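The structure under discussion appears below in the form of structure tokens.
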Amino acid sequence: MALQLIDLKTWERREFYEHFIQEVVCGYSITVNVDITPLAGQQLYPAMIWLLTKTVNEMPEFRTTLTKDGPGIYDSMHPMYTVFNKENKNFSGIWSYYSEDYGEFLKSYQADVAEYSKSTRYAPKAGTPENSFNISMVPWLEFTSVNLNVFDDGRFLLPIFTLGKYFEREGKRLLPLAIQVHHAVCDGYHVGLFVEKLQRSIAQFGG
């Protein structure tokens, strides 16, 4: 893991960053329906975790965090995601190292799920990397919008993703995806580009 601090003196986004981190502290959520038809036959959750992480690693706006020394950009990110305990109807938050090779990632994911999915603890797997971001899935709900409220001082810059229950429409399989970001580092344009890249990767993944 490497973190490159941003030089505010030369950062072209400085004015926007300072406005949304100091004056109008602002995060926002956008929910879209992602076409996952090409993923038919795949295990959906790990595939989407991998695809989301791949896309996050392609866009610095989704890898920007705030440290005690100022904003910086991680060179890469790893997914932290929820697993459901079917017995006590609770969930745990675990993580797996990202690999550009989906097969390698899938093996790690399956091993972690096998080990921790029956845990009754919130965070049973130690050593969560600093360069990780949150993904969760609510497979029981076909939602149209999700908004999370992070009650800190408004300085949580990393993205949060929530997946819903997929549904069929006009011959396509669609998956609700809620994307939560901080306006200091990520505008609507960047979210739109993220979805475009994600959709392209889904098509290539299933091709």
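Read-outs: derived from the displayed coordinates by stated rules, not from any lab. Since the model is a prediction, treat every value here as computed from it, not as a measurement. We place every Cβ from the backbone using ideal geometry, glycine too, and count neighbours over all the protein chains shown.
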**Q.** Separation in nanometres of the label points that stand 7 Å from Cα toward Cβ, at Glu168 and Thr37
**A.** 1.3 nm
Q) Going toward the positive end of the dipole of the stretch 94-207, with +1 on Lys and Arg Cβ and -1 on Asp and Glu Cβ, which of Ala111, Phe161, Leu193 do you reach last? A) Ala111
**Q.** Label of the coordinate-derived value, Cα Rg over 2.2 N^0.38 Å, listed as [x] 1.03; [y] 1.46; [z] 1.23
**A.** [x]
Q.
I'd like the distance separating the alpha-carbon centroids of the stretch 76-135 and the stretch 1-71, in whole Å.
A. 19 Å
Q: Report the calculated FRET efficiency for Arg14 and Ser76 (r = Cβ-Cβ distance, R0 = 22 Å), to the nearest 0.05.
A: 0.35
Q | Dipole magnitude of the chain about its Cα centre (Cβ charges: Lys, Arg +1; Asp, Glu -1), debye to nearest 20 | A | 640 debye
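For Asn147 and Gln4, compute 0.36 nm times the residue count separating them, minus their Cα-Cα distance, and round to one decimal in nm. Mind showing how you got there, number by number?
Details: separation 143, 0.36 × 143 = 51.48 nm, distance 2.97 nm.
Contour length minus Cα-Cα distance gives 48.5 nm.
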Q. Given the pairs Lys68/Lys107; Lys86/Lys107; Lys118/Lys172; Lys68/Lys165; Lys107/Lys165; Lys125/Lys165, which span a C-alpha to C-alpha distance of over 31 angstrom in this model?
A. Lys68/Lys107; Lys118/Lys172; Lys68/Lys165
Q: Sticking with the crude label model, points 7 Å out along Cα→Cβ, report the distance from Val24 to Ser108 in nm, one decimal please.
A: 3.9 nm
